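The values are calculated or read from the model by the stated rules, or taken from the named source; none is laboratory data. Predicted model, so just to flag it, every value in this text is computed and none were measured. Don't worry about glycine lacking a Cβ; one is built from the backbone with ideal geometry, like all the others, and counts go over all protein chains shown. Just so you know, the surface numbers come from the protein's heavy atoms only, side chains and all, with ligands and any DNA or RNA stripped out. Shrake-Rupley method; radii C 1.70, N 1.55, O 1.52, S 1.80 Å.
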Amino acid sequence: MSATSGSFVREPVGMDERILADGSTRWPVEAGRYRLVVARACPWAHRSVIVRRLLGLEPAISMGITGPLHDERSWRFHLDPGRRDPVLGIEYLGAAYRAADPDFDGGITVPALVDVESGEVATNGFQDLTLDLSTQWAAHHRDGAPDLYPDAYRDQIDEMIASFFDSVNNGVYRCGFASTQDAYAQAYGELFDRLDALSEHLATRRYLVGDTITEADVRLWVTLVRFDAAYHGHFKCNRHKLTELPVLWAYTRDLFQTPGFGDTTDFEQIKQHYYGVHDSINPSGIVPLGPDVRGFLTPHRREELGGRPFGDGTPPGPVAEAERVPPIA
């Protein structure tokens, strides 16, 4: 947080060394070596869950899931038996950060790829992680895995992601954690200006870049799917609900109904985290009962715009039993 402007400033990640196929870093690509630690509530983690599932990397990279609540000691595995991750054997994710650096005092964030044997965090570089899953882990992709970062569109994908990162992905946080009216108003205006531009862009095309799902769609979608459940009320992003923005609402429903997206989304954990952890914004800790999310299953008609969700690939198979989320009732 900037003391002078009241604007929210996201801290840089503390362990952003990459895992590369060419072995040029100390962390090589190796099936079975790493455990992806995520939280269902966190959008930055959610996008790694989606990409891992779309690419079929489950056999190569196991996944540990922290609960939606954490305290000053970090994200914790409070939903696992014994309140410990069954593979890493730790109660708090912070233990893996301190295994890598005993003096680590930065943000303990998800997603994090943890080296199972040493128990050390290899990387928490969320900006590169999903791109590396697409490009560095290709030898371990499933047959029929979609190309989420195709060579021909990489510049356009990067440009699109850059256009909405600060205003939308980070913009909802800039609204929610602003400490002055001016800082909030600035973030609020930039957020809805960009959402309006995205609505116009998506009015005549099914996906953000090209005619298939790409990394850009994954990154935008994880914010949109949380909008009404968390950001509209909790973060005061309340010019409109997502359900009142026809193009973005249909786009979000389209992807929600696509394997890999809705079947990795847990609205209850999303609400439990945002309303239960941010006590400076919601000191009572009361978690709202709404919104009614059954609308995510209603027809969207986006298929009329054409496009092929997985390009020349195929949908992923069923979600593993241990990784299933509660279905919308």
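Is the C-alpha gyration tensor of segment 225-322 telling us rounded, prolate or oblate? Criteria: a/c under 1.5 is rounded; beyond that, a/b larger than b/c is prolate, otherwise oblate.
The shape class here is oblate.
With runs of 4+ DSSP H residues as the only contributors, calculate the mean residue ellipticity of the chain at 222 nm using -39,500 (n - 2.57) per run, divided by the residue total and rounded to the nearest 500.
-9500 deg cm²/dmol
May I ask for the distance between the Cα centers of segment 1-59 and segment 248-308, given as a whole number of Å?
Going from one Cα centre to the other spans 21 Å.
When the dipole is taken about the Cα centre of segment 67-139, and only Lys, Arg (+1) and Asp, Glu (-1) are charged at their Cβ, what size is it in debye, to the nearest 20?
280 debye
Over its Cα atoms, what ratio of radius of gyration to 2.2 N^0.38 Å does the chain give?
That ratio works out to 0.96.
Assigning unit charges at the beta carbon (Lys, Arg +1; Asp, Glu -1) and nothing else, what dipole magnitude in debye, to the nearest 20, does segment 196-306 show about its Cα centre?
That gives a dipole near 200 debye.
Compute the orientation-averaged projected area for segment 1-155 from the convex hull of its Cα atoms and round it to one decimal in nm².
Here the figure is 10.9 nm², rounded to one decimal.
What whole-number value in Å² describes the accessible area per residue of the chain for a 1.4 Å probe?
Per-residue accessible area for the chain comes out at 44 Å².
Starting from the Kirkwood Rh over alpha-carbon pairs, what translational D in µm² s⁻¹ does segment 82-122 have by Stokes-Einstein at 10 °C and 1.306 mPa s?
154 µm²/s
Please report the relative contact order for segment 130-286, taking Cα pairs under 8 Å with a sequence separation of at least 6, and give it as a percent rounded to a whole number.
This gives 21 percent for segment 130-286.
Quantify how much of the Cα-Cα distance distribution of segment 177-234 extends past 14 Å, in percent.
67 percent
Please name whichever of Leu245, Pro315, Leu20 sits farthest to the positive end of the charge dipole of the chain, dipole taken about the Cα centre and charges placed at Cβ: Lys and Arg +1, Asp and Glu -1.
Looking along the dipole axis, the top candidate is Leu245.
Which of Ile281, Val110, Ala216 sits closest to the plus end of the dipole of the chain, meaning its Cα is farthest towards the positive end, when Lys and Arg get +1 and Asp and Glu get -1 on the C-beta?
Ranked along the dipole, the leading option is Ile281.
Just the number, please: Stokes-Einstein D of segment 135-177 in µm²/s, Kirkwood Rh from C-alpha pairs, 25 °C, 0.890 mPa s.
Result for D is 194 µm²/s.
Using unit Cβ charges (K, R positive; D, E negative) and no other charged atoms, how large, in debye to the nearest 20, is the dipole of segment 1-113 about its Cα centre?
So the dipole magnitude of segment 1-113 works out to roughly 400 debye.
Report the Cα-based extents of segment 86-155 along its three principal axes, largest first, to the nearest Å.
Cα extents, longest axis first: 43, 26, 15 Å.
Quick one: in segment 114-198, what % of C-alpha pairs are over 19 Å apart?
Above the 19 Å cut-off, segment 114-198 has 59 percent of its Cα pairs.
In percent, what relative contact order does segment 46-98 have, based on Cα pairs under 8 Å that are 6 or more apart in sequence?
22 percent
How high is the relative contact order of segment 1-130, given as a whole-number percent (alpha carbon pairs under 8 Å, six or more residues apart)?
Across segment 1-130, relative contact order equals 29 percent.
Please compute, for the alpha-carbon atoms of segment 154-303, the extent along each of the three principal axes and give them in descending order in Å.
Between the extreme Cα coordinates on each principal axis of segment 154-303 lie 45, 33, 24 Å.
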